[in-house]
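Report on the structure given below.
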């Protein structure tokens, strides 16, 4: 099971930033399955709610929210596009921060 998960995660990370979630959405929609869709959406919503609770209580709230949003993005193109924009912008800001940090040394 972990080998399967690693392979899918590598495939996800090999995609270009700004297209990862849409590609994942297309891969998931190529083989639609009603039970998987229901479980993904319900699980994603539950993780989003749990992550929101963890923002004010101890726990990795942002990480849980990200996982929940990624589950929903596999079933919703709107959410996949939104996460691609966030991914692209976060990458740009991270590269700028690294350049500033490296130039300050």
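Values in this text are rule-based calculations from the coordinates and carry no lab data. Computed from a prediction, not measured in an experiment: that's the story for all the values here. Here the Cβ is made from the backbone with ideal geometry for all residues, glycine too, and neighbour counts use every protein chain on show.
A Gaussian network model of the chain, with springs between Cα atoms under 10 Å, assigns the largest mean-square fluctuation among 57, 19, 37 to 57. Diffusion of segment 29-72 by Stokes-Einstein, at 4 °C in a medium of 1.567 mPa s and with Rh set to the Kirkwood radius over alpha-carbon pairs, works out to 121 µm²/s.
Taking every Cα-Cα distance in the chain and sorting them into 5 Å bins from zero, the calculated P(r) comes out as 2, 12, 15, 20, 20, 15, 8, 4, 2, 1, 0 percent.
Provide Rg over Rh for segment 1-63; use the alpha carbon set for both Rg and the Kirkwood Rh (inverse mean inverse pair distance).
Result for segment 1-63 is an Rg/Rh of 1.04.
Over segment 2-104, what is the relative contact order in percent, taking alpha-carbon pairs closer than 8 angstrom and at least six residues apart? Could you put the intermediate results ahead of the total?
On the way: 95 pairs, mean separation 32.3, N = 103.
Taking the mean separation of contacting Cα pairs over the length of segment 2-104, I get 31 percent.
Computed extension gain for residue 31 through residue 57, at 0.36 nm per residue and net of the alpha carbon distance, reaches 5.6 nm. Here segment 35-76 is scanned for amide nitrogen atoms under 19 Å from the site 7 Å beyond the Cα of residue 19 along Cα-to-Cβ, giving 74. Exposure proxy shown here: for 77, 54, the number of other Cβ atoms within 10 Å sets the order, fewest to most, as 77, 54.
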